[in-house]
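Beneath this line is the structure, given in structure tokens, with notes to follow.
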Amino acid sequence: MADLTTDFVGIKSPNPFWLASAPPTDKAYNVRRAFDAGWGGAVWKTLASEGEEIVNVNGPRYGAIYGADRRLLGLNNIELITDRPLSVNLEEMAAVKADYPDRALIASIMVPCEEEAWKAILPRVAETGCDGIELNFGCPHGMSERGMGAAVGQVPEYIEMVTRWCKQYYDRPVIVKLTPNITDIRKPAMAAKNGGADAVSLINTINSITSVDLDNMAPQPTIDGKGSHGGYCGPAVKPIALSMVSEIARHAETADLPISGIGGITTWRDAAEFLALGAGNVQVCTAAMTYGFRVVQEMTAGLSAWMDEKGYTSVAQITGRAVPNVTDWQYLNLNYVTKARIDQDLCISCGRCFAACEDTSHQAISMSADRTFDVIDAECVACNLCVDVCPVEDCITMERLAPGSVDPRTGREVQADYANWTTHPQNPSAVAAE
Amino acid sequence: MADTHTPGITAHRLSEAQIAENFSDLHPPLDRHEARVAADRCYFCYDAPCVTACPTEIDIPLFIRQIAAGQPESAARTIFDQNILGGMCARVCPTEDLCEGACVREAAEGKPVEIGRLQRHATDALMARQSHPFTRAAETGKRVAVVGAGPAGLACAHRLAMRGHTVTLYDANRKPGGLNEFGIAAYKSEGDFAQAEVDWLMQIGGISLEGGKALGRDLSLEALVSDFHAVFLGVGLAGVNALRAEGEDRDGVQDAVRFIAELRQAPDKSTLPVGRNVVVIGGGMTAIDAAIQSKLLGAETVTIAYRRGRDRMGASEYEQDLATSKGVRIIENAMPVAVHGNGAAQEVELEYTTDDGSGLTGTGERMRLPADQVFKAIGQTMTLDCGLKLERGKIAADASGRTSMDRVWAGGDCVAEGADLTVWGAAQGRDAAEDIHATLMGVAAASTGAVMGEAART
Ligand SMILES: Cc1cc2nc3c(=O)[nH]c(=O)nc-3n(C[C@H](O)[C@H](O)[C@H](O)COP(=O)(O)OP(=O)(O)OC[C@H]3O[C@@H](n4cnc5c(N)ncnc54)[C@H](O)[C@@H]3O)c2cc1C
Ligand SMILES: Cc1cc2nc3c(=O)[nH]c(=O)nc-3n(C[C@H](O)[C@H](O)[C@H](O)COP(=O)(O)O)c2cc1C
Ligand code: SF4
């Protein structure tokens, strides 16, 4: 069994799976159950200033997107930060930390963009004995209208300023949680780093409207006939989160900034992918909200089994391993030529590849009267769409043409060497290959 | 009260409640969620094999996608466009031999998309409101006689009425529906569905039903041809083959079809008499249905004796398994040679057979089975004789239903073409109607094939 113990910016936890700041971490009761189930850490539901009134809606807070059999693929919420008094939360945090000293406990904080507000809350948070703080600059609804959350997260100067205050008035690690509702995620990450942040965590939820009630012509979830955008999370957001994590991990100025990966993590594999793209640990919300805390047992067992299989002995060995292979499109090897291949033994003759290629792609699949489907190499541009729509795993694969052979589509010999767009003859601004 | 061990042929072998439970829906309807899950399994195949396998060529992937997208009533419209008896077909089609047998997921996993049950989900949704989705075209002034109100006649009458023709629908029986009403197993067409379907179908208008009028008795083909612009015959197979076994006339030896018809019409099935030991001779759907329903009425032992191997039986493997799961025993390669008894039947004597390719011969080995009731289910025959050219004992007709006589069309079980199934009746009735319409109006016949995937086939 691989050792899953994680040291994230000096914060130790028995495994890299933390619960993200959200309803699962809103009370001692929940967090205790989570730790009993095996979670390595928890970021407490975001705290507000003493006396800041937080009132949630009393109608539905969530909207959902489903896949087959009502499998939850995406969740949208319009919940605010904690609506319980600050003192109650702080007392409970202290008690939980005392009872679970080996688990990571992080305070998530969102207070107004004023130095006094941070100066007031930070010492009280420190008293709980928690291991660090996370600055919630991400909440995209409600709080942003009061100039907090995403309203701060979208202005790099504010991020830097607030982070600096926190480093000044608090002596444990400061993690800055980023909003994805921004064009270039590297900008807020850089600001956090400049302000002295120990790490960033991302992503918070994405602005979203789940659906529209077509009888009442109102967005859902609907509160008395009206709806507002909320924040989207769950499996559907994973690809967006992965991309953002990788951008920070491979950007020269932020490459050394530790990352806590968040967004759609549902199984050990999702977590391993975040780690590979640069995360030092991960946070989970929707998977726990969908299946309960016990899901962590599959995550820890799965990650550990995979690490054993691959010979990794620590989580740190995984962090960033795939980052060198993330590149820009212009550097992709244009001499890498593949063709789709259909395994006739596995093929069930549904014809989806044919419909996809014939109607929407390159007319590179033929269909015979007896429903045999074959790839026409002279037309196949290797887009991979047929693989993606085929319902049978591994039935269609992309096979590389050996260097020296001729690509029937272009009539040109496949070259063994690497050549990308920057040197391509059709690129007007190509540089001569060396 | 009698029980399963009471000798002879008697009613009340089981309690009323038990019988009601035994005859409940074979495949209970899918609820909304189940239907969505089942619909989600469809791959929306290109030029889907299930469509080709359906005699009426319903656009199956489309209607399933409509269910998945939350519109079962639109799905029903897609079904009824091709097959106005889509509701009954959803219940009675041997889908394992038709659409579901061709489903790519059958090939892939041995678990096809549940097309039949999805079709029922959709058609039930629309029919529950008794809402009829079609309207009649403007009156054409043409009058057509349709003889036989079974699936073939009903489908033909509906399509003709839709095209604006005026239809007189004759049937020898007072009650319309044909074998939908008198033949299909009770647990497949629960809750008087056959009559509800006829009533719903008639909402199109322009069809007047004349029950109790038999061709050959009350009507003649010559008169119909001279009184109407066109005639369609959907008279089914009214005759029953003889056993040609000694003792065939003993009490207790009956036609399976008649037994089933009585059963279908009985308001309280517990009053139906059934034997303690029942033997059914035959291998088709009728044999299976008679056997299963005898068992459901409380017979102690029920045996089907078929003269060839099980793989040659007309009933599908699924139907055979259904029978054995209800406790029916199937003896293959055995033919009846005699019914023994003292006035009433007591035993059936069977002889084993071999088939060397040139025909069946008895092996000489015989056995006797106790039998106080024997059902003959060895096929129905065409009895109508009205001067039309025949082929294999049935009316010869081309793909559009044209017979050897001018202005006379035919379809369903009474024609040689196709299998004796409800869905074939629906397809042939529809296609004949389109051809009649084209002929009477001097226009080209509408294509009734599914429009999808045509490109790929050319
Ligand atoms: C016991 C049994 C079970 C079956 N189970 C199934 C099943 O599960 N699934 C399936 O798909 N198929 C099944 N079939 C077959 C199916 O019922 C027939 O293929 C279908 O009903 C044929 O339709 P049709 O309109 O040609 O004939 P029919 O349904 O036989 O209708 C013919 C109509 O014509 C009338 N008629 C007959 N002679 C005259 C006349 N001289 N003048 C006026 N009217 C006349 C009859 O009264 C009847 O109403 C079963 C058949 C039987 C016997
Ligand atoms: C109902 C709900 C409430 C949330 N509240 C907070 C919050 O108070 N503070 C915060 O930083 N993030 C909050 N989040 C965002 C999550 O912490 C997390 O960043 C996001 O859900 C993405 O992770 P996931 O895909 O695993 O759910 C909330 C999410 C949900 C679903
Ligand atoms: S890879 Fe793309 S172009 Fe090639 S056969 Fe598949 S769908 Fe067509």
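Under the rule a/c < 1.5 gives rounded, and otherwise a/b versus b/c splits prolate from oblate, where does segment B:240-376 land using the Cα gyration tensor? Walk me through the intermediate numbers first.
Working: a/c = 1.88, a/b = 1.29, b/c = 1.46.
Taking the square roots of the gyration eigenvalues as a ≥ b ≥ c, segment B:240-376 is oblate.
A simple spin-label model places the labels of A:Y291 and A:W329 3.5 nm from each other, with each point 7 Å out along Cα-to-Cβ. In segment B:40-127, Cα pairs under 8 Å separated by at least six residues give a relative contact order of 33 percent. Computed over all pairs of different Cα atoms, the Kirkwood value for the hydrodynamic radius of segment B:78-218 is 16.1 Å.
Ordering of B:232-238, A:163-169, B:222-228 by packing is B:232-238, A:163-169, B:222-228, highest average first (other Cβ atoms within 10 Å, averaged per residue). With a Förster radius of 22 Å applied to the beta-carbon distance between B:Q195 and B:K326, the computed FRET efficiency rounds to 0.25.
Exposure proxy for A:C380, B:C156: other Cβ atoms within 10 Å of each Cβ, ordered fewest to most, give A:C380, B:C156. Summed over all non-identical Cα pairs, the Kirkwood treatment of segment A:313-389 gives a radius of 15.0 Å.
Using packing as a proxy for protection, rank B:402-409, B:287-294 so that the peptide with the highest average count of other Cβ atoms within 10 Å comes first. Can you show the working numbers first?
Details: B:402-409: 19.0, B:287-294: 28.1.
Final packing ranking: B:287-294, B:402-409.
The calculated P(r) of chain B, using every Cα pair and 20 Å bins from 0, goes 24, 54, 21, 0 in percent.
Along the axis of the charge dipole computed for the protein assembly as shown (Cβ charges of +1 for Lys and Arg, -1 for Asp and Glu, origin at the Cα centre), the listed residues B:N173, A:I365, B:A122 are led at the positive end by B:N173. What does a probe at B:R136 reach in segment B:150-171, counting residues whose amide N is under 14 Å from the point 7 Å along Cα→Cβ? In segment B:150-171, the label zone of B:R136 (backbone N under 14 Å from the point 7 Å along Cα→Cβ) covers B:157-169. Global size of chain A: 24.8, 77 Å for Rg and Dmax (C-alpha atoms, Rg to one decimal, Dmax whole).
The tail of the calculated P(r) for the protein assembly as shown beyond 56 Å holds 36 percent of all Cα-Cα pairs.
Among B:S15, B:S74, which comes first, second and so on when ranked by fewest other beta-carbon atoms within 10 Å? Show your work: numbers first, answer last.
Details: B:S15 13, B:S74 19.
Placing the least packed residue first, the sequence is B:S15, B:S74.
Considering every residue in A:90-103, what mean count of other chain Cβ atoms within 10 Å of its Cβ is obtained?
Working: counts 0, 0, 0, 0, 0, 0, 0, 0, 0, 0, 0, 0, 0, 0.
Rounded to a whole number, the mean comes out at 0.
Bridgeable lysines around A:K187 (alpha carbons under 20 Å apart, same-chain partners fewer than 8 residues away excluded): A:K167, A:K177.
Shape annotation for segment B:40-127: C-alpha extents along the principal axes are 33, 25, 19 Å, from largest to smallest. The phi-based Karplus calculation (6.51 cos²θ - 1.76 cosθ + 1.60; θ = phi - 60°) puts the 3J(HN,Hα) values of segment B:129-139 at 8, 6, 8, 9, x, 10, 10, 6, 6, 4, 3 Hz, whole numbers, x for Gly and Pro. Using C-alpha pairs below 8 Å separated by at least 6 residues, the relative contact order for segment A:379-434 is 20 percent.
The simple Förster model, with R0 at 35 Å and r as the Cβ-Cβ distance, assigns A:S228 and A:H362 a FRET efficiency of 0.20. The lysines within cross-link reach of B:K376, meaning a Cα-to-Cα straight distance under 17 Å and a gap of 8 or more places when in the same chain, are B:K295.
Fraction of C-alpha pairs exceeding 22 angstrom in segment A:55-206: 45 percent, rounded to a whole number. Highest mobility in the GNM of chain A, judged by mean-square fluctuation with C-alpha springs under 10 Å and restricted to A:T46, A:T222, A:T286, is found for A:T222.
Near B:T123, once Lys and Arg are set to +1 and Asp and Glu to -1 for all other residues with Cβ below 13 Å from its Cβ, the sum equals +1. Packing, taken as the mean count of other beta carbons within 10 Å per residue, orders the peptides B:255-264, A:303-312 from highest to lowest as B:255-264, A:303-312. Each Lys or Arg adds one and each Asp or Glu subtracts one; over the other residues with Cβ under 12 Å from the Cβ of A:Y291, this totals +1. Peptide B:44-54 has a mean shielding of 4, counted as Cβ atoms of other protein chains within 10 Å of each residue's Cβ.
Just checking the output field for A:357-370: average partner chain Cβ neighbours within 10 Å of each residue's Cβ? Walk me through the numbers on the way to the answer.
On the way: counts 0, 3, 1, 0, 0, 0, 0, 0, 1, 0, 6, 1, 2, 0.
Other-chain Cβ atoms within 10 Å of each residue's Cβ, averaged: 1.
Compactness check for segment B:287-443: Cα Rg over 2.2 N^0.38 Å is 1.36.
Values quoted throughout were computed directly from the atomic coordinates according to the rules given, and no laboratory measurement underlies them. Treat the numbers as computed from the prediction; the structure is a model and nothing was measured. Backbone-built Cβ (ideal geometry, glycine too); neighbour counts: all protein chains shown.
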